[in-house]
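Here is the structure we will look at.
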Amino acid sequence: MPWTNVTFASPGVLFALVLIPVLVGWYIRRGKAVTSHYRFSTLLPFAKIRPTLRERLRHVPFAFRMFVLAVLIVALARPQTTSHGENVYAEGIDIVLLLDISGSMLAEDLQPNRVEAAKEVAQNFIDGRKNDRIGLVIFSGESFTQCPMTLDYRVLKNLLRQVHPGMVEDGTAIGMAIAQGVNRLKDSKAKSRVMILLTDGVNNRGEIDPITAAQIAHTFGIRIYTIGVGTQGEAPYPVMTPFGKRYQNIPADVDEKALQQIAEITDGQYFRATNNRTLKQVYAEIDRLEKTRIEVRAYRSYTELFDGWALAGAIALLLEFALSGSVLRKLP
């Protein structure tokens, strides 16, 4: 029996246990009162007399009665075992990460470069999610799904680590990336559907312009958070020459106006990340805004132990009756 987990529904009844030492004291005094005293000059004639079984067991019926009384008091206090738990109802959201992998994402105004910095904070963002399906769409001159919607974050992060510029033809097809994300989310049954679009450029490829794609996303109830990544002004960009790696400065060319419009149309927000620290802050803010809603219902269940105690008392009472009616039966 797990005694460390036992409670009583009526613990006040246990105070009745003080009756037992009172009754024991009364029994001892009564035994002394009914005992006759005789004086003998010597006890040697009684030295070889051994007490009979009846004499040895004469106190057993009273002990049984005290045991029965104690057990019945405990039973009336209703001992119970308790178990605790929680029913967790998680209402996950579906998220698609849209990651720009165009050549300009190799600029090193973020360390070690824009795309690697974006991958790092995206992995940290994934680590902070629970019960949310997340997918990954990468884009440059074209867009494609690197990882479909999944709860297997280990697989998702492995696929994210494999992403690098040059996987597809260069360019910046923001509208096509949003359309790809819509295609992944439009049939979702989640209460909240979100895209996080990160880019450092201007839409210059694709059959769908970003604003039209954003309007389509809004139609499906999809919210888009947009992130413009890159320092203000110019950024160092690595160039391979016959003499090794050289750097040339390229202008920051983020289309902030379009990214702001996309966010406004879809009830999202626009953020600008000019270094690693601000990029981490952006993802932390989005993570705070889109935390999973979880309803926790605590419960406690009880298992009554009354019947076990009552059965033990009944068995002890029957034994007492049996002894009193046989071996310890008193003569009339």
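Brief remarks on what is shown
- Local electrostatic count, Pro238, Cβ distance below 13 Å [Lys/Arg +1, Asp/Glu -1]: 0
- Legend: ranking of residues Lys119, Lys189 from fewest to most surrounding C-beta atoms inside 10 Å; resulting order Lys189, Lys119.
- Treating each Cα of segment 89-295 as one equal point scatterer and applying the Debye formula with no solvent, the log10 of I(q)/I(0) at q = 0.10, 0.14 Å⁻¹ comes out as -0.38, -0.75.
- Summarising the label geometry, the points placed 7 Å from Cα in the beta-carbon direction at Val168 and Lys191 lie 3.3 nm from one another.
Every read-out reported here was derived from the displayed coordinates using simple, explicitly stated rules and does not represent laboratory data. The structure displayed is predicted, hence computed values, not measured ones. FYI the Cβ positions are ideal-geometry reconstructions off the backbone, even for glycines, and counts take in every protein chain you see.
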